[in-house]
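Everything below concerns the one structure shown next.
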Amino acid sequence: SIAVVERKVMLPMRDGVRLATDIYRPKDAPVKVPTIFVRTPYNFNFWDVRNGLPGDMTAALTAVKRGYAYVVQNERGQFFSEGHYDILGSPADGYDTLDWVAKQPWSNGKVGTTGCSSTAEYQMGVAALGRALAAGRRRDLRSAWRQGDRGERRRTAPAPGGRRPRHGAGDGDP
């Protein structure tokens, strides 16, 4: 085995709601490791009960092989997480989880986020919370890799008539 795996860790958020979280980290790592964090409304469970198949573990396995911890968490009200689902999610939940990750004995305190579609959208909320805090308080979020969120589609989708809009032109984005 190359990984330490913890499934269905119920991480408490500031309001007491607990979110289901799976943690995959390198076994016997000689140093503390950086973390890749994914929060999703989609099913990340090891056994995909809806389809009757094992879940795709490629991302977690690739991260661990490259020396990263991989933390994946269901949003509120999804699968094993408590609370009520809100399509926009709670940026505070992402912030609370980053705090928890940064304080773990296996973590070097550096966290990157990744995801596409809905999984990408929460990342901007977490990043925005960091700007709102006093300088230097949110140093653990190092990178966010968004793919295919609503903002990207607005900026890259052809306008009526097939024209591509200028970046930020007419869609409310700066």
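The values are calculated or read from the model by the stated rules, or taken from the named source; none is laboratory data. What you are looking at is a predicted structure, and each value in this text was computed from that prediction instead of being measured. For neighbour counting, all protein chains shown are included, and Cβ atoms are generated from backbone atoms with ideal geometry for every residue, glycine included. In case anyone asks, the SASA skips ligands and DNA or RNA and just uses the protein heavy atoms, side chains included. Shrake-Rupley method; radii C 1.70, N 1.55, O 1.52, S 1.80 Å.
Tabulated data for the structure shown
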{"read-out": "Efficiency of FRET between MET124 and ARG7 - r from beta-carbon atoms, R0 25 angstrom, step 0.05", "value": "0.35"}
{"read-out": "Per residue solvent-accessible surface (Å²) - the range 1-103, probe of 1.4 Å", "value": "54"}
{"read-out": "Cα-based Rg of the range 63-103 normalised by 2.2 N^0.38 Å, two decimals", "value": "1.36"}
{"read-out": "Segment GLU82-ALA59, length gained on full extension (0.36 nm per residue, minus Cα span)", "value": "5.8 nm"}
